[in-house]
Amino acid sequence: MVLPNRHKQSKIFRLIYNLSGGAINSQVIITVIAALGAIANGSIIGWSSPAQNMFDADESPLSFEVTGKDVQMFSSVFGIGAALGALPAGYVSSVFGRPASMMLFEGFLLVGWAMLVLPTSVWILSAGRMIQGIGVGALCVVIPSYIGEIAESRMRGRLGTIFQLFIVIGILYSYISGAFMKYLPFCIACAFWVILHFISVLCIPESPYHLMNINDHEGAAVSLQILRDSSDTTEEFESIKLFVEKQQSQSYTVSEVLSDKVNRKALMISIGCMFFQQMSGINVVIFYMTDIFKSTGSTMNPNICTIVVGAVQLIMTVVSFTIIDKSGRKALLVLSGLLMANCYVGLGGFFLIKTHYQELASKLNWLPLVCIAVYISAFSIGYGPVPWIMMGEIYSSEVKPIGTSLATCTNWTLVFVVTYVSTELTRWLGHAGCFLTFSIFCLLGGAFAASVIPETKNKTLAEIQMKLIGKSKAVPVAVDVVDAAEQVQATTTVH
């Protein structure tokens, strides 16, 4: 693969920026271009639900039969691929650079789509989904990291939310496309975002942090000038240089990191958040949403119900970004866990009624849609975004590379486990038992947030570390440029 020259990238973007008249802030344009990969990821995540509906139709688009067991397999192996892709993503991006790494991992998505468009067997479908998972898992590390590195501190929070928002847009796009298109055009429509992102990345500059890491100070200065619309960047350039020098002077082994009690507590909190995020069953709902609505026996069109829920998720994701810094992380996680538990109780209750009182269930056919819509809303304001935000806040600088890799790998591994086991759980306990089991984990997640997780809202990294030690107040420190720059390392992703 021929990697793009970073200075050519800068010139291409400068040309585009000048043609636009400079009406939009450069870092906003660059963030949107980089985050197009999130739409590509979202369309892949949402693909399973409409695809499964097509495979179950009387006229299947494939020349071979796809059983429920097959759907279970190719839906769940996606998580294995994502876990495998997330682990080396940070190292790959440090070697090849951020934009080049995005293009490299987009290649996995393209190969996966080629296998899904023209499959000859179920194994091809499963292999395609696993390969896509590798690309998605890696991009969920590289893109948010790049956005964090190019954004000014005053805009980092707002720009960082674009990645999560675009993933939700991609999921909704997949739901709508799958409802109105046949299988082949549906796959091509989803793959379009991969191609668009691959081409667009050619236009964006390299991260100044990466260029500084490889001792290309001139390139870092040029990149920073493009990102800041050629304004005076001397002070910020020096702060990045100081931060990178500090990071390069620190080297810790895994055993050294884990020997510290505070680091172990931070790992427990972050991995615990990821555990309860996935044990809430979110990817079961996303992957099998159409099937869930079909199983209710409702006369409502399952595809329309899926689109409604996707629209609700998009709206609530926007809402969450406006309240997350006002309400606090801890409160949102507790509220999210309790609301999701109640929604699962409602779903489980509906299926129990459907089993024993079908006439009454027919009058309550609106209940599953309401429960899933409220569930998605609750997830979107709490256990959806907050674990990823806290992962960037809870770690000290020396544990961050190890901690983020472990937490991200844990998340995607659980995607596989929960997605695969949920189908078996439905066979053993029925839909009611499956949903009631998830409600218990949601309650436990709320209790975990209330009893273990510290509040990190409006706190510096030093204050958060002091809270982990057990002190209510941090030792007074000057908030210097290094402390602010450490927040750049925060990593975010979806579901």
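The values are calculated or read from the model by the stated rules, or taken from the named source; none is laboratory data. Owing to the predicted nature of the structure, the values given are computational and were not obtained by experimental measurement. Don't worry about glycine lacking a Cβ; one is built from the backbone with ideal geometry, like all the others, and counts go over all protein chains shown. For the accessible areas, the whole protein counts, side chains as well, though only heavy atoms, and no ligand, DNA or RNA atoms are used. Shrake-Rupley method; radii C 1.70, N 1.55, O 1.52, S 1.80 Å.
Tabulated data for the structure shown
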read-out	value
L429/H356 FRET efficiency (R0 22 Å; Cβ-Cβ; nearest 0.05)	0.90
Solvent exposure of the stretch 147-208 as accessible area per residue, Å², 1.4 Å probe	37 Å²
Whole-number D in µm² s⁻¹ for the stretch 34-124, Kirkwood Cα-pair radius fed into Stokes-Einstein, 10 °C, 1.306 mPa s	107 µm²/s
Whole-percent carbon and sulfur share, accessible surface of the stretch 355-432, 1.4 Å	68 percent
Percent breakdown of C-alpha pair distances by 5 Å bin, ordered from the shortest bin, for the stretch 45-98	4, 16, 20, 16, 12, 10, 8, 8, 5, 1
Global geometry of the stretch 349-429, whether rounded, prolate or oblate, following the gyration tensor of its Cα atoms and the 1.5 cut on a/c	oblate
Karplus-derived HN-Hα couplings along the stretch 422-438 (A = 6.51, B = -1.76, C = 1.60, θ = phi - 60°), whole Hz, x at Gly and Pro	4, 5, 5, 4, 5, 5, 6, 10, x, 4, 4, x, 4, 5, 5, 5, 5
Inverse of mean 1/r across different Cα pairs in the stretch 29-182, Kirkwood, Å	16.1 Å
Where the Cα pairs of the stretch 24-66 fall when distances are cut into 5 Å bins, in %	5, 19, 16, 12, 12, 10, 8, 7, 6, 4, 1
Relative contact order (percent, whole number), the stretch 86-162, Cα cutoff 8 Å, 6+ residue spacing	36 percent
FRET E, pair S259, V417, Förster distance 41 Å, beta-carbon r, rounded to 0.05	0.90
Full-stretch length increase - E245, V111 - with 0.36 nm per residue and alpha-carbon distance subtracted	44.4 nm
Relative packing of peptides 38-48, 370-380, 72-82, 422-432 - highest average C-beta neighbours within 10 Å first	38-48, 72-82, 370-380, 422-432
Residue-normalised accessible area of the stretch 371-444, expressed per residue, 1.4 Å probe, Å²	29 Å²
Pairwise FRET efficiency - A311 versus S63, Cβ, R0 = 41 Å, nearest 0.05	0.75
